[in-house]
Amino acid sequence: MIGRRRTASRQALIFAGATAILVWSAAPFIWQLSTSFQDDKALTAATPSFWPSPGTLDHYYNVFAAKHFQLYVLNSIIVAGLTTLFCLAIGAMAAFSLSRLRIKQRFGILITILSVSMFPQIALVGPLYLIAANLGLLDTFTSLVITYVALGLPLVTWVLFGYFETFPRELDEAARMDGIGTIGLLVRIIVPLSAPALVTVGLLAFIAAWNEFMFALAFTSNIEHQTIPVGIANFTNLYYVPWGDIAAASVVVTLPLILLVLFFQRHIIEGLTQGAVKG
Amino acid sequence: MRLGTVAARKPRNRWPDATPWLLLVPIAVSLGTVSVYPILNGLWLSLRNTSLVSQQDDFVGLLNYGVLLGDDAFWNAWRHTLVFTFVSTALETVIGMGMALLLFEQFTGRSLIRAAMLVPWAMPTVVTSKMFGWLFDGQHGVVNWLLLSAGLIRDNINWYGSVDHALGTIIVADVWKTTPFMALLLLAGLQTIDGSLTEAARMDGAKTWQAFLYVRLPMLWSTLLIAGLFRALDAFRVFDLVYVLTGGGPADSTETLSTLSYKTLFSTLQFGYGSTLSTAMFITEAIIAVGFAVFIVRQLGRAR
């Protein structure tokens, strides 16, 4: 009897805690969503209204028609997309080499790659800016993609390495028996088998590039090449902060990410936690 | 870079042996040019008085580091960075642990909660920053309204616009964004612990909290320390949140080492002194990382 009562109170406690986590995680974004549909009068009222009535699409109109937000979105898609492709290609080659081919110093190389990722980005941005300026690469997608690829590679390589390690060695033997060479092993056997890991880690690289702010701020100065975070950071009017417009833009850039993340959540959690737990 | 030259030197006829190294050339070139070279170049710049305004570019030795030690703006940013790092890491670890223990239990709707927890992580930090700007707005912010309605405050608080509350507001925003991720890391750690151990402790009459304190926590120690280390290193370089929400103000009350370095580099265009700031930061971080690593190894050694 005592046991049952204890589980009942336990259940109530768990329920309360779970609700708290849900509200804590989701409420700020839901408020942002609601804000994006409210007119400025409602937003500056003494009592905030949580349901937008009357709803308005003005903020979305402002964001796209007046502030040309679609240009930032396009720039971000190009930059994050190219970054993802290069990260996957280079990372898969490196992980394959370290995992499947006999390299004696593999752990030394892996640790070097990981420690490079620990360099604070603020220490890189100054010298990289000067290099980009000398090469005429300021205000180009090239400078952003080259930078983001290097920032994303350590995690991509590490996760793919962990995944490749799970394949049995017999796989390599069998492929060689069939006359498949080293590159063939990578391209025709390992890569197709690793589709789930490639999707996960590609998504991580994409999100990182999509969200990056500091390098984009330093390297770009016009709307032709600026990415979404820079665009949103610059959303200020002369006399007041356009909270409604900002909320609309936030929803536009965050909603696709949230949908992607919800769709792939199990893979993402596995990918992200791999390093910390095994280490 | 180094790997590339080794691979290239191998004789042509032995190229199958070189394949593993050739496959590492792209990553070596990428990390070499975008990470290793700039770090070294920054170290070199930190010894020069390079400025894009005065057009000076001479070697000045350790002069910049001397200036740094006497620079109030540096120590001011240094203090804020340490406070931010310590408080946000501590809060995120403790709250994250609580969330992880909760998610470890079986209950309906668990996957929904887990999915919701990824929302703060996935959101661009710039958006988080703006979102907290709106939530904590001094005039029309919903947080002020909620606190007023609950009778917890009498007047609106100018959260990130006042010297007293700005750093706290930034810490709250960071805790919101990062705690769920911390929780998921710790949850993964919890799941690797053999459930029969806690079960056995319970059988021996241990209460739930005792089972946690004496069985799970010691086994979770390594995950906890490593997650804490990574979090602390990340918090130490906080930039986006501060730059977008307060820009380091009001009255430099939220200036951190990253924002100060960035401004020195790109607002005053002093690339020499700016590099000194960021290199000093890099060195501090390296010391923290190595210190922490030694601590972790000792702790784990003692546990065994």
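Looking at (1) in a helix (DSSP H, G or I); (2) farther than 23 Å from residue B:133 by Cβ; (3) among the polar types (S, T, N, Q), which is the one condition that is false for residue A:166?
So the condition that residue A:166 fails would be (1).
Can you pull out the residues in the range B:248-258 that are among the polar types (S, T, N, Q) and facing chain A (nearest Cβ under 9 Å)?
Residue satisfying the conditions is B:258 alone.
Scan the range B:122-137 and give yes if some residue there is in contact with a Phe, Trp or Tyr (Cβ under 8 Å, 6 or more places away or on another chain), within 7 Å of another protein chain (Cβ to nearest Cβ) and closer than 21 Å to residue A:14 by Cβ, otherwise no.
No.
Quick check on the range B:97-113. Is at least one of its residues among the hydroxyl-bearing types (Ser, Thr, Tyr) and crowded, with 22+ Cβ neighbours inside 10 Å?
no
For the range A:193-279, list the helices (runs of 4 or more DSSP H) that sit wholly inside it and hold at least 1 residues that are under 16 Å from residue B:118 (Cα atoms) and modelled with pLDDT of 90 or more; which are they?
A:195-211, A:243-263
Among the residues of the range A:211-249, how many are more than 30 Å from residue A:128 (Cα to Cα) and of a type in the set (Asp, Glu)?
Summing the residues that are more than 30 Å from residue A:128 (Cα to Cα) and of a type in the set (Asp, Glu) in the range A:211-249 gives 1.
Give me the helices (runs of 4 or more DSSP H) completely within the range A:15-120, filtered to those with at least 3 residues that are within 19 Å of residue A:209 (Cβ to Cβ), ordered by residue number.
A:69-100
Against the condition out of contact with any Pro (no Cβ under 6 Å at 6 or more places or on another chain) and more than 26 Å from residue B:212 (Cβ to Cβ), how does residue B:172 come out, does it pass?
Considered against the rule, which asks whether it is out of contact with any Pro (no Cβ under 6 Å at 6 or more places or on another chain) and more than 26 Å from residue B:212 (Cβ to Cβ), residue B:172 comes out as yes.
Give the range B:100-140 a look and list any residue that's modelled with pLDDT under 90 and in contact with a Leu (Cβ under 6 Å, 6 or more places away or on another chain), or say none.
Scanning the range B:100-140 gives B:103, B:104, B:113, B:115, B:116, B:122.
Is it the case that residue A:64 is at the interface with another protein chain (Cβ under 10 Å from one of its Cβ atoms) and surrounded by 12 or more Cβ atoms within 10 Å (Cβ to Cβ)?
Spelling it out, it is not the case that residue A:64 is at the interface with another protein chain (Cβ under 10 Å from one of its Cβ atoms) and surrounded by 12 or more Cβ atoms within 10 Å (Cβ to Cβ).
If you scan the range B:35-51, which residues turn out to be over 22 Å from the mean Cα position of the chain (by Cα) and at the interface with another protein chain (Cβ under 7 Å from one of its Cβ atoms)?
B:41, B:45
From the list A:11, A:32, A:70, exactly one residue is of a type in the set (S, T, N, Q) and more than 11 Å from chain B (Cβ to nearest Cβ). Which is it?
Residue meeting the stated conditions: A:70.
Please work out which one of (1) in contact with a Pro (Cβ under 6 Å, 6 or more places away or on another chain); (2) at pLDDT 90 or above is the condition residue B:180 fails and give its number.
(2)
For the range B:71-88, check the following and say yes or no: at least one residue is on the phi > 0 side of the Ramachandran plot and either of a type outside the set (Phe, Trp, Tyr) or more than 24 Å from the chain's Cα centre (by Cα) (or both).
no
Any residue in the range B:61-78 that is free of Cβ contacts under 8 Å to residues at least 12 places away in the same chain and of a type in the set (A, V, I, L, M)?
Yes: one or more hits.
Residue-wise test of (1) of a type in the set (Lys, Arg); (2) over 16 Å from residue B:74 (Cα atoms); (3) surrounded by fewer than 19 Cβ atoms within 10 Å (Cβ to Cβ); (4) facing another protein chain (nearest Cβ under 10 Å).
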residue: B:268; (1), (2), (3), (4): no, no, yes, no
residue: B:279; (1), (2), (3), (4): no, no, no, yes
residue: B:284; (1), (2), (3), (4): no, no, yes, yes
residue: B:287; (1), (2), (3), (4): no, yes, yes, no
residue: B:295; (1), (2), (3), (4): no, yes, yes, no
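From the list B:216, B:237, exactly one residue is facing chain A (nearest Cβ under 10 Å), touching a residue at least 24 places away in the same chain (Cβ under 8 Å), over 22 Å from residue B:60 (Cα atoms) and surrounded by 18 or more Cβ atoms within 10 Å (Cβ to Cβ). Which is it?
Checking each option against the conditions leaves just B:237.
Any residue in the range A:116-130 that is more than 7 Å from chain B (Cβ to nearest Cβ), at pLDDT below 95, loosely packed, with under 15 Cβ neighbours inside 10 Å and at negative phi?
No - not one qualifying residue is present in the range A:116-130.
I'm trying to understand the selection: among the residues of the range B:151-195, which are among the hydroxyl-bearing types (Ser, Thr, Tyr) and assigned to a helix (DSSP H, G or I)?
B:169, B:178, B:179 - these are the residues of the range B:151-195 that are among the hydroxyl-bearing types (Ser, Thr, Tyr) and assigned to a helix (DSSP H, G or I).
Tell me, please, whether a residue that is more than 28 Å from the chain's Cα centre (by Cα), surrounded by 15 or more Cβ atoms within 10 Å (Cβ to Cβ), hydroxyl-bearing (Ser, Thr, Tyr) and assigned to a helix (DSSP H, G or I) can be found in the range A:136-148.
No, the range A:136-148 has no match at all.
The values are calculated or read from the model by the stated rules, or taken from the named source; none is laboratory data. If you're wondering where the values come from, they're calculated on a predicted model, not measured in any experiment. Virtual Cβ from ideal backbone geometry, glycine too; neighbours counted across all protein chains shown.
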